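The values are calculated or read from the model by the stated rules, or taken from the named source; none is laboratory data. Just so we're clear, the structure is a prediction, and the values are computed from it rather than from any experiment. Cβ placement follows ideal geometry from the backbone for every residue including glycine, while neighbour counts extend to all protein chains displayed. Calculation scope for accessible area: heavy atoms of the full protein, side chains included, ligands and nucleic acids excluded. Shrake-Rupley method; radii C 1.70, N 1.55, O 1.52, S 1.80 Å.
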Amino acid sequence: MHPPAYNCFVDRDKMDSAIPDLGPKELSCTELQELKQLARQGYWARSYALRGQVYQRLIRDIPCRTVTPDASVYRDIVGKIVGKHSSTSLPLPEFVDNTQVPSYCLNSKGEGAVRKILLCISNQFPDVSFCPALPAVVALLLHYSADEAECFEKACRILACNDSSRKLVDQSFLAFESSCMTFGDLVNKYCQAAHKLMVAVSEDVLQVYADWQRWLFGELPLSYFARVFDVFLVEGYKVLYRVALAILKFFHKVRAGQPLESDNVKQDIRAFVRDIAKTVSPEKLLEKAFAIRLFSRKEIQLLQMANEKALKQKGITVKQKSSALTSARSHRQFVHLAVHADNFHSEIVGVKEMRDIWSWVPERFALCQPLLLFSSLQHGYSLTRFYFQCEGREPTVLLIKTTQKEVCGAYLSTDWSERNKFGGKLGFFGTGECFVFRLQPEVQRYEWVVIKHPELTKPAPLESTTVPPSPSHSVSSEPADRLSPFLATRHFNLPSKTESLFMAGGSDCLIIGGGGGPALYIDGDLNRGRTGHCDTFNNQPLCSENFLIAAVEAWGFQDPDIQ
């Protein structure tokens, strides 16, 4: 057998052990579904030559802007940009945020070529302001390019994709930050055991999740990253979320019950990813990734839009420059600053318990400080007063302490003023972001049943996403304009109404969850309540099934910049 035809940028000795060239040499299929299956199965993963052919074809087929820099542009500008500098000493562009160029079995010539290509990309894409994933992408593409110019052209096509439904790489600080928040939301929903560990051992769990792209674009060994990239080029950005979630699941499986090697879980995960071959093969990693039952691409996009909106409201923009990055990152302080012992007081929970609750709420609200809206001990035991204090706030957290010292509650996604649109009758509203929980005697959260069982539903047709406005509360038909669009029931076809009975309020009672009974029922005097199993959350009773109330509190979310 002839030796593999590695190009001049590759260290051949290192490459042979990383990716042996033993696979097929041809690929004849053109159908997307067949390509998906072959990519997931690793059909071209063991053939250096075939992977190069497939990358060339897949990247060529990316729909791009009319004017996209090509190989000839690179040849025209590289001499002017590099000048007399040694390629290995070239500075990296500002937009990579000090990200190191991964070696990926490249020789010194290859590592220098990556720097040259990145600088030329920076010259041609002034609108790319933040893209720390790009060094890894360019380093991998250099393996499968005839020369630097061809690698430059491939990277440019990935950046210049103009298909709005096909996101490839984040190119601004706003997009990157919202992706980090979206990943945190997905961990919270689909990796609850790992999320619980992260909250327990990390000082700032959002900072841990903000590292998720580095796990993939830099820490993963070459053979693993190449397998991820194979599928990514076919299926898009959602693949990255899946693989990062799988990494976290494996990390939790290996480390659960064991002391972490350092006091920095962020570094522990990076080390785990670098040495992932000791734990799991690339095949098992992808198998785990695609076994996670995520919602559709549309629902992920809605969540991303909501997180971007929250960041824009905090002043973070697409054109975020390095001088403003430090200020922007200050918004990322998560549980320990949002719920601080010096300015937090509750008659029902302590700082630790409130931090647990804050770790469950959507990331765009976890950036905010808790604000006490209603306390039965301060405002009296009146449901009317409860509504008065809470109206105009979205979302809210309801806390209940029973006379038996049990503590339970609910996260409620929607303004209580929505109850008025039913004309005095009891009617349910809210979105699938609602959840119920108990804190004493043990901590347990129960989410919308559709999250755990997505087979119960399917996305609704696009035209059904419009909701007519109510007389008392204007509701936009545009999902991005809703405060909590993710998992809103109007985006789904549900088999029955019981899966969407989130929250309801009348003059004589307050109800959370329905179908088979409420998860929580509180009477109009805030004196008595009951709890039981309901179809909406598939929960166990949150405390004694019939209970007397000692205290009720409602908490809102206040931007930390607002004094």
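Summary of values
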read-out	value
Note, ³J(HN,Hα) from phi for segment 381-391, Karplus 6.51, -1.76, 1.60, rounded to Hz, x at Gly and Pro	8, 9, 5, 4, 5, 4, 4, 4, 6, 9, 4
Links that overshoot a 29 Å alpha carbon limit, given the list Lys154/Lys278; Lys167/Lys288; Lys36/Lys312; Lys25/Lys109; Lys116/Lys312	Lys154/Lys278; Lys36/Lys312; Lys116/Lys312
Candidate aspartates and glutamates - alpha carbon under 16 Å from Lys80, same-chain residues fewer than 8 apart omitted	Glu148
Stretch gain in nm, segment Asp97-Gln258, where the contour uses 0.36 nm per residue and the Cα spacing is subtracted	54.6 nm
Cα centroid separation - segment 162-203 against segment 225-292, whole Å	14
Distant-in-sequence amide H partners of Val10 (H built 1.01 Å from N, under 5 Å)	Asn107
Residues whose placed amide H lies under 5 Å from that of Phe374, excluding near-sequence neighbours	Ala554
Mean-position separation - Cα centroids, segment 71-128 and segment 382-432, in angstrom	55
Whole-Hz couplings from phi, Karplus 6.51/-1.76/1.60, listed for segment 305-311; x for Gly and Pro	5, 5, 5, 4, 4, 4, 5
Cleavage-rule hits, GluC sites (Glu not before Pro), segment 375-457, DSSP coil, Cβ neighbours within 10 Å at most 10	Glu442
Cα-projected label distance for Phe422 with Asn162, points at 7 Å along beta-carbon direction, nm	4.9
Under 9 Å, Cβ to Cβ, from Phe437 - net charge with Lys/Arg +1 and Asp/Glu -1	+1
Partners for Lys425 among lysines (Cα-Cα distance below 26 Å; same-chain residues under 8 apart left out)	Lys497
Net charge, Leu35 excluded, C-beta distance under 12 Å - Lys, Arg +1, Asp, Glu -1	-2
Under 5 Å, built H, 5+ apart or other chain: amide partners of Phe557	Leu371
Quarter of the Cα convex hull surface for segment 128-245, i.e. its orientation-mean projected area (nm²)	7.9
Under Karplus coefficients 6.51, -1.76 and 1.60, residue-wise ³J(HN,Hα) of segment 67-72 in Hz, glycine/proline x	9, 10, x, 10, 4, 5
Hypothetical label at Val82: residues of segment 94-113 whose amide nitrogen lies under 12 Å (7 Å Cα-Cβ projection)	109-113
Accessible-area composition of segment 12-160, carbon plus sulfur, in percent [1.4 Å probe]	47
Per residue, in Å², the accessible surface of segment 173-314 once ligands and nucleic acids are set aside, probe 1.4 Å	34
